[in-house]
Amino acid sequence: MTAWEWITGGAAAVALAAALGAWVQALRLERRLAGEARAAAAARRDLAAVCATLAALGDRVLALEARIEELAEAQEMLRTREPGDGVYAQAVRLAARGGAGVEELMAQCGLSRGEAELIVRLHGRIAADA
């Protein structure tokens, strides 16, 4: 074997070893890339879940803000309401002016029997005459 054949054979062996090393490295990189792709897909799924949760929370916050506003308006209405605007005031007027009885107060004002009896005793025509 001549020197030239040794050199070409050696070069071929080095080239083959380099090609084999490159192929092994390519396989490693391919596996790593597949793992990174799985991790990226999992991160995208997690991000989608976080976005959906955030959107749902945003909707709940808006609903709660609307409810708070309603309650604030109702509270303000109660604050500014005349003391005689309630059911009891209406029952007192019916008993005092119209002579309404216990059954009528229960039916018209939604009072319990005890409440209606008390109003009739305190404010009814009989109490006024006494």
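Quick check on Glu104: is it surrounded by 10 or more Cβ atoms within 10 Å (Cβ to Cβ), in the same structural domain as Arg121 (by TED's automatic domain parsing) and of a type in the set (Asp, Glu)? For Glu104, the condition - surrounded by 10 or more Cβ atoms within 10 Å (Cβ to Cβ), in the same structural domain as Arg121 (by TED's automatic domain parsing) and of a type in the set (Asp, Glu) - is met.
Quick one: is Gln75 among the polar types (S, T, N, Q) and more than 30 Å from Val120 (Cα to Cα)?
yes
Between Leu94, Leu71, the distinction of being out of contact with any Lys or Arg (no Cβ under 7 Å at 6 or more places or on another chain) and at pLDDT below 90 belongs to Leu94 only. One residue is enough: does region 71-83 have a residue meeting the conditions of a type in the set (Lys, Arg) and surrounded by 13 or more Cβ atoms within 10 Å (Cβ to Cβ)? No: region 71-83 contains no residue that is of a type in the set (Lys, Arg) and surrounded by 13 or more Cβ atoms within 10 Å (Cβ to Cβ).
Among Ala116, Ala66, which is assigned to a helix (DSSP H, G or I), in contact with a Cys (Cβ under 8 Å, 6 or more places away or on another chain) and either surrounded by 13 or more Cβ atoms within 10 Å (Cβ to Cβ) or not hydroxyl-bearing (Ser, Thr, Tyr) (or both)?
Being assigned to a helix (DSSP H, G or I), in contact with a Cys (Cβ under 8 Å, 6 or more places away or on another chain) and either surrounded by 13 or more Cβ atoms within 10 Å (Cβ to Cβ) or not hydroxyl-bearing (Ser, Thr, Tyr) (or both) holds for just one of Ala116, Ala66, which is Ala116.
Of all residues in region 119-128, none are surrounded by 13 or more Cβ atoms within 10 Å (Cβ to Cβ), at pLDDT 90 or above and part of a loop (DSSP other than H, G, I, E, B).
The values are calculated or read from the model by the stated rules, or taken from the named source; none is laboratory data. What you are looking at is a predicted structure, and each value in this text was computed from that prediction instead of being measured. Please note: Cβ atoms are built from the backbone with ideal geometry, for glycine as well, and neighbour counts cover all protein chains shown.
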